[in-house]
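Just so it is clear, none of the values below were taken in a lab; they were calculated from the coordinates. Given the structure is predicted, the values throughout are model-derived calculations rather than measurements. Glycine gets a Cβ as well: all are built from the backbone with ideal geometry, and neighbour counts include every protein chain shown.
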Amino acid sequence: MQIKVSDNIGFCFGVKHAVELSEEALSKKNGKIYSMGPIIHNPQVVKELSDKGLTPVEDIDGIKEGTVVVSSHGAGAKLKKKKGIKLIDATCPFVKKIQERVDRLYKDGYSVIIIGKKAHPEVKALTDFTDGRAIVVKDAGEARELELNGSKVGIVSQSTYSQDTFLEIVSILLNMPFSEIRVFNTICRDTIKRQGSVRILARDVDMMIVVGGKNSSNTRRLVEVCKDENRDVYHIENEEEIDRSWFSGKESVGIASGTSTPGWVVQDIIDQIGRYN
Ligand code: SF4
């Protein structure tokens, strides 16, 4: 069986940066070290860092001293310096740019619309820059139900959202009677590239395996893209989830991974499938 691997495997720039900053903080062994939520959305990496002493917390209210690493998804505008706590900001620079964009739009009097998932930490943090007033729209159905006539509106996207869904929602909003509408495509380049190369690969193989955290938004997007093109798509986190029967009668398998999946996890999966040949 032929194994075809998608382009852009391994950590994206922002995830690599967050993991490196965490490793560096841990190596200094300077008191307790926390992360705001999981540092990235990958269970193997979170466990590895947790074994070394990085403890995920939901907020810093209960922490009196130590170091807190802000995850690649960023934190809200209200996260302020606190006595006894050293903050290390591992927010991805691309996410930081979206935060600055949202902050500016809100301060300039625009109603901010964020295309994304309300519960995602990046979107929650972005909403915080508008005192909780931003409207989060996840799909075309929600976009059609919006009632914001007359307002001036600024639109951004969650950095890892589906490019297709973003464009569909924007085309609906452009037809609404806002007095002014500003659109910023803030989906990061790595996400767009991965979605594009995964779509091409999924068309070309008998089945697809997408590797990444089940809680990883960008990995789930890749699964959706694959499902548009291929009937046999599996989302797994590690090689233990592979079932040999999936490959029965198949001549080719495509492998893709999310931006927070380490390269070694993908390699373990490639090696495991290779042993079936
Ligand atoms: S997916 Fe893009 S925005 Fe998210 S951490 Fe990676 S580079 Fe940054």
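Tell me the label-point distance for the pair residue 88, residue 193, using the 7 Å Cα-to-Cβ offset, in nm and rounded to one decimal.
Label at residue 88, label at residue 193, 2.6 nm between them.
Can you give the convex hull volume per residue for the Cα atoms of the chain, as a whole number of Å³?
Convex hull volume per residue, Cα atoms: 123 Å³.
Residue 20 to residue 131: FRET efficiency via 1/(1 + (r/R0)^6), r the Cβ-Cβ distance, R0 30 Å, to the nearest 0.05?
E between residue 20 and residue 131, to the nearest 0.05, is 0.35.
What residues qualify as long-range amide H neighbours of residue 55, i.e. H under 5 Å apart, gap of 5 or more or another chain, H built at 1.01 Å from N?
Distant-sequence amide H within range of residue 55: 33, 34, 35.
Express in nm, to one decimal, how much length is gained between residue 184 and residue 27 on full extension, taking 0.36 nm for each residue of separation and deducting their alpha carbon distance.
Full extension from residue 184 to residue 27 adds 52.6 nm.
Once you have the Cα-Cα distance between residue 163 and residue 238, take 0.36 nm times their residue separation minus that, and quote the gain in nm to one decimal.
24.3 nm
Students often get this wrong: which residues of region 11-47 have the backbone nitrogen under 15 Å from the point 7 angstrom along Cα-to-C-beta of residue 272?
43-45
Over region 13-91, what number does the Rg to Rh ratio reach, with both radii from the alpha-carbon atoms and Rh per Kirkwood?
Result: Rg/Rh = 0.92.
Take 241, 168 and order them by how many other Cβ atoms sit within 10 Å, fewest up front.
241, 168
Fewest Cβ neighbours within 10 Å first, please rank 39, 255 accordingly.
Lowest to highest Cβ neighbour count: 255, 39.
Using only DSSP helix segments of four residues or longer, with each worth -39500 (n - 2.57), what per-residue ellipticity at 222 nm results for the chain after dividing by its residue count and rounding to 500?
So the calculated ellipticity at 222 nm is -11500 deg cm²/dmol.
Report the one residue of 249, 226, 238 whose Cα lies farthest in the direction of the positive end of the charge dipole of region 196-249 (charges on C-beta: Lys and Arg +1, Asp and Glu -1; origin at the Cα centre).
Ranked along the dipole, the leading option is 226.
Extension gain residue 50-residue 175, at 0.36 nm per residue separation less the Cα-Cα distance, in nm?
So the extension gain works out to 40.2 nm.
Have a look at the DSSP beta bridges in the chain and tell me what percent are antiparallel, nearest 5.
Around 0 percent of the beta bridges assigned by DSSP in the chain are antiparallel ones.
Pairs to check: 152/227; 47/124; 16/64; 64/118; 32/117. Give those whose C-alpha atoms are more than 26 Å from each other in this structure.
152/227; 16/64; 64/118; 32/117
Over the chain, what is the relative contact order in percent, taking alpha-carbon pairs closer than 8 angstrom and at least six residues apart?
For the chain, the relative contact order is 22 percent.
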